[in-house]
There are 2 protein chains.
Amino acid sequence: MSAASTPEPSRRDELLAIAARLFAEKGFKNTTVRDIADAAGILSGSLYHHFDSKESMVDEILIPFQDRLFGQYDEILASDDDARTKLERAVRVSFEAIEQHGPEVAIFQNDADYLGTFERFGYLADRNTQSRQVWVTLIEEGVRTGVLRPDLDVTLTYRFIRDTVWVAVRWYQPGKGHTHTEVADQYVRILLDGISS
Amino acid sequence: MSAASTPEPSRRDELLAIAARLFAEKGFKNTTVRDIADAAGILSGSLYHHFDSKESMVDEILIPFQDRLFGQYDEILASDDDARTKLERAVRVSFEAIEQHGPEVAIFQNDADYLGTFERFGYLADRNTQSRQVWVTLIEEGVRTGVLRPDLDVTLTYRFIRDTVWVAVRWYQPGKGHTHTEVADQYVRILLDGISS
DNA sequence: GTCTATAAGATGATAGAC
DNA sequence: GTCTATCATCTTATAGAC
C-alpha cells in the first residue's frame, strides 16, 4: 500500500545497485545473472522474482539516470549564461554525474553499442544523438558569439570534449585523490586556455 | 622452407587479422571462436589447427603491435627535440597508430582490464605503466623547461591527454572524414592553446 | 522472497577422418 | 588445412515447492 506511487520499494533497488556495479565493472554481457545473485547473497533463479530478464535490469538502471542528466543539460541550454559559461557548466555537470552515478555512466560508455543492437535499447542511440546536439550547440554558440576561436573544427572539438569528460569514469574514484570539482577545474582551464605557458 | 625465419606464412596472419577485427568490434569475450571461424569461412574446430586457444590469438595480435608502438615512444624520449615538440610527436604517433592499427588499439583500450586478470597477460599492466611514464615524463620535462604552464596537475593532464588520444579509436575511421594528421593537428592546437579566443 | 531442480542453448576445446 | 562429431561447462530462464 503506502504511497501508491512506489509498488516495490527497497529490495529491488538494492538488487539494481548491485547489478549496476557489476555491469560497470565487467561489462553487461560478461556479467552473469549468477554473478549478480551471488553478490546479493541469493540464487540466480530468485532474481527472476524481481525482474523479467537481465535486459530489464540494465534498462531500469539507465533510463532514470539519463532522464536526470539530460534534464540538467536542457536547463543549461535554456539559461541566460554566455556560451563560455554554459560550456563550463556542461563540463561540470558531467564530471558530477561521474561522481554521483559512476556505474550508470560506465555502462552507457562501455555497453551502449552492444545494447543498441536490440530494438529495446533504441533509445540509447537517441540519447547519443541528443548528447551530440547539446555539445555542438554550445560550441557553435561560443564561436558565433566570439568567445571561442573561430578556427575550431566543431565536430572534432565536440568529440575531444565528450571523450575526455566521459572516459574519466574509467579512472575517477570518488573520495580518492581529486574531487570531481578539482578534476573539472583543471579540465576547464586546459580546455579553454591550453597547456602552453 | 623459404627464409627459415617465418615457419607459418600467410593463412595464420589472415586469421589473426579477422580475429583482431572482431575482437575490436565486439570485445574479446563477446567474440566466439565460431564468430572468427565463420568470418574466415571455416569451422570452429579448424581454428585449433592454427592456434592453441582464443587467448593465444589475442596474444599474438597485441604483442608485436605494442613492441612497435613503444619503440616509437622510446625514440621520441631519446631525441633532442624540446619538450613541447616531443609531446606533439607523441600525440601524432598515437593518432597514427589508430590509423594503421585500429583493431589492436581498440582491443588494448577495451579489453586490457579483463585480459589482465589472467597471469598470461601480465605484460598488459606493465605496458600501461610504461605508457604513463612516457606521458608524465614529457609533461614534467615541459613544465621544468618552462614551455608548459607551471600550474598544471601533471597526473590529471596525463589522463586527459591519454584519454582523448586513445579513445578516438572509437570514432576515427580511416579514409572517412578527417585524416589522422588533421585530427592530430586540431588536437595539438587545442591542447596547447585552448579553445578560447 | 528464496530455494530446488532443470530445461534449452551457447561456448571453448578435443579426437580422429579426409 | 579443414571437416565430422562430440564433450564438459556455463548461461539465461522457467516451474513449482517452501
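The values are calculated or read from the model by the stated rules, or taken from the named source; none is laboratory data. Here the structure is a predicted model, which is why all the values come from computation and not from measurement. Quick reminder, even Gly has a Cβ in these numbers, built from the backbone with ideal geometry, and neighbours come from all protein chains shown.
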Single residue of B:Phe65, B:Phe95 found to be farther than 24 Å from B:Gln186 by Cβ, in contact with a His (Cβ under 7 Å, 6 or more places away or on another chain) and touching a residue at least 24 places away in the same chain (Cβ under 8 Å):
B:Phe65
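Please specify each residue of segment B:132-141 satisfying the condition of being without any contact (Cβ under 8 Å) to a residue 40 or more places away in the chain and not aliphatic (A, V, I, L, M). It would help to see each step written out before you state the result.
Keep residues of segment B:132-141 that are without any contact (Cβ under 8 Å) to a residue 40 or more places away in the chain, which gives B:132-133, B:136, B:140.
Hits for segment B:132-141 are B:Arg132, B:Gln133, B:Glu140.
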Can you run down the residue pairs with Cβ atoms below 7 Å, 6 or more apart or on separate chains, where the first is in segment A:46-62 and hydroxyl-bearing (Ser, Thr, Tyr) and the partner is within 13 Å of DNA strand C (Cβ to nearest atom)?
A:Ser46/A:Ala37
Residue count, segment B:144-197 (criterion: charged (D, E, K, R), surrounded by fewer than 22 Cβ atoms within 10 Å (Cβ to Cβ) and either within 14 Å of A:Phe160 (Cα to Cα) or within 19 Å of the chain's Cα centre (by Cα) (or both)):
6
More than 23 Å from B:Asp13 (Cβ to Cβ) and part of a helix (DSSP H, G or I), is that true of B:Val165?
yes
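Can you find, within segment B:25-34, the residue that is nearest to the other protein chains (Cβ to nearest Cβ) among those that are assigned to a helix (DSSP H, G or I) and not basic (Lys, Arg)? Don't jump to the end; show me each part of the working.
Our first condition is that a residue be assigned to a helix (DSSP H, G or I); within segment B:25-34, this holds for B:25-26, B:33-34.
The next check asks that each one be not basic (Lys, Arg); those that pass are B:25, B:33.
Numbers: B:Glu25: 9, B:Val33: 16 Å.
Per the stated criteria, the residue is B:Glu25.
Test B:Glu119 against the stated conditions and say whether it is loosely packed, with under 15 Cβ neighbours inside 10 Å and away from chain A (no Cβ under 12 Å). Show your work before the answer.
On the way: loosely packed, with under 15 Cβ neighbours inside 10 Å: yes; away from chain A (no Cβ under 12 Å): yes.
In short, yes.
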Would you confirm, using the coordinates I've provided, whether B:Leu138 is among the hydrophobic types (A, V, I, L, M, F, W, C), farther than 23 Å from B:Leu62 by Cβ, more than 8 Å from chain A (Cβ to nearest Cβ) and assigned to a helix (DSSP H, G or I)?
yes
Can you find a residue that is in contact with a Ser or Thr (Cβ under 6 Å, 6 or more places away or on another chain), at pLDDT 95 or above, within 16 Å of DNA strand C (Cβ to nearest atom) and farther than 30 Å from B:Ile195 by Cα anywhere in segment A:38-53?
no
I'd like the residue in segment B:141-150 that is in a loop (DSSP other than H, G, I, E, B) and facing chain A (nearest Cβ under 8 Å) and, out of all such residues, is farthest from B:Gln109 (Cα to Cα).
B:Gly146
Single residue of A:Ile76, A:Ile42 found to be more than 14 Å from chain B (Cβ to nearest Cβ) and either closer than 20 Å to A:Ala184 by Cα or touching a residue at least 60 places away in the same chain (Cβ under 8 Å) (or both)
A:Ile76
Only residues that are touching a Lys or Arg at 6+ places or on another chain (Cβ under 9 Å) and in a loop (DSSP other than H, G, I, E, B): list them for segment A:65-95, please.
A:Ser79, A:Asp81
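Looking for whichever is within 14 Å of chain A (Cβ to nearest Cβ), more than 11 Å from DNA strand D (Cβ to nearest atom) and either surrounded by 13 or more Cβ atoms within 10 Å (Cβ to Cβ) or assigned to a helix (DSSP H, G or I) (or both) here; the options are B:Leu22, B:Leu16, B:Leu62. Which one fits?
Result: B:Leu22 is the single residue among B:Leu22, B:Leu16, B:Leu62 that is within 14 Å of chain A (Cβ to nearest Cβ), more than 11 Å from DNA strand D (Cβ to nearest atom) and either surrounded by 13 or more Cβ atoms within 10 Å (Cβ to Cβ) or assigned to a helix (DSSP H, G or I) (or both).
Which residue, of B:Phe121, B:Phe108, is at pLDDT 95 or above, farther than 28 Å from B:Asp185 by Cα and away from DNA strand D (no atom under 16 Å from the Cβ)?
B:Phe121
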Residue satisfying all of: in segment A:155-197; of a type in the set (D, E, K, R) and under 24 Å from A:Pro103 (Cα atoms); nearest to the other protein chains (Cβ to nearest Cβ) among these
A:Asp163
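Looking only at residues that are of a type outside the set (Lys, Arg) and part of a helix (DSSP H, G or I) in segment A:1-13, which one is modelled with the highest pLDDT? Don't jump to the end; show me each part of the working.
Our first condition is that a residue be of a type outside the set (Lys, Arg); within segment A:1-13, this holds for A:1-10, A:13.
After this cut, where a residue has to be part of a helix (DSSP H, G or I) as well, the list is A:10, A:13.
Details: A:Ser10: 86, A:Asp13: 97.
Of everything passing the filter in segment A:1-13, A:Asp13 is modelled with the highest pLDDT.
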